[in-house]
């Protein structure tokens, strides 16, 4: 909505500045912007910036090089509104060869002043799905589908395209090849590459909201707009795999901080990672049940780390991790499909690392159960004197008879470098206290 209002304001400003004279004093520039991957807020922002520049600079035309599997309805609608209000013709060119305009991409092609396809591309499959990626059911499916049908039919009729096929692309996910789309009146023509497209656009008449213009492409300056640093960062964060990794890294970092209080760095890294992940989750089509399962997985693994045992809690955490990942963006029946999903490779690596960590914990627990027998002979150091390598308040490291030990104080804190006395051995740790003062023996 904000993009549409801004475009409308720019149109009014242009009319006040000279009306039809604007059409005769164009800069002759041809602007291009490449939109690939999922349609998301970063894509929306890039398109809006390209459209604003084209309007302000009075470009001849804005060419959108489109290759998308679909994306967010909100971002798609904002881009469509910008196209409909634009005084600069917008050409959607589905390219390169092998590219596609699926789902939300169909709506963008229908809204364009000129829709063009490269050989070997396809268009279609625009049936609405849930935010989790599944099919809508019952009355909700009918309501959302009928609204999407009305929307795409309106766009097709406005641009003089095949509204019947556009409806079927939504209702039954029909798809067409480039040649079929041209023959059926879905696309205006085919172009093998960008120079071919420019040659065919030259001299074409295009109707905008403010005038009908004949495109003058010959000799035009070609300008390409790319993502800014902020848009690239946003695109990176909004990637489903990045958001997933950020969330898990954040959870594991906080576990590390709880396991080693005072380390600080894990807490900072974890907090930043989780906030960035939540920013992405607020935009991506998230199933919050999947997020809850990931939190449960981290909690169970943390309990296992604090109390190593047979691994029941830890491997329960692994099960929660598996189901949480599968349900995060997609239903369990289709975990790796559509524009929003966790890559099987990313999932596999995180699962392998988690299992390896748990196996390590189980081995430590098994070894600790054998330690009482192993360390009975070590009770010889009870009553021995050592030195505190770190401050003990109450836990730290001490050196006794040339060996470094984990130790805790029996009560009073011990400063670093102070002499300590071994009172007991508990498992792998010593129980120590300040070394007692022994009076010197008097001479006879």
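Quick notes
- Modelled label positions at residue 236 and residue 222, each set 7 Å beyond Cα in the direction of Cβ, lie 2.9 nm from each other.
- Two-decimal log10 I(q)/I(0) for the stretch 232-295, as the Debye equation yields it once each C-alpha is a single scatterer, q = 0.15, 0.16, 0.23, 0.28 Å⁻¹: -0.45, -0.51, -0.89, -1.12
- Here the Debye sum runs over all C-alpha atoms of the stretch 140-267 as equal scatterers in vacuum, and log10 of I(q)/I(0) at q = 0.09, 0.10, 0.12, 0.20 Å⁻¹ comes out as -0.58, -0.67, -0.82, -1.17.
- For the pair residue 49 and residue 303, the difference between a 0.36 nm per residue extended length and the Cα-Cα distance amounts to 86.6 nm.
- Span from the the stretch 233-282 Cα centroid across to the the stretch 55-115 one, whole angstrom: 34
- Residues 360, 47, ranked from the fewest to the most other C-beta atoms within 10 Å, line up as 360, 47.
- P(r) tail, the stretch 207-261: Cα-Cα pairs separated by more than 18 Å, 67% of all pairs.
- The Rg/Rh ratio of the stretch 377-434, with Rg taken over Cα atoms and Rh as the Kirkwood radius over Cα pairs, comes to 0.90.
Read the figures in this text as sums done on the coordinates, not as results from a lab. Because the structure is predicted, anything quoted here is derived from the model rather than measured. All Cβ positions, even for glycine, are placed from backbone atoms using ideal geometry, and neighbour counts span all protein chains on display.
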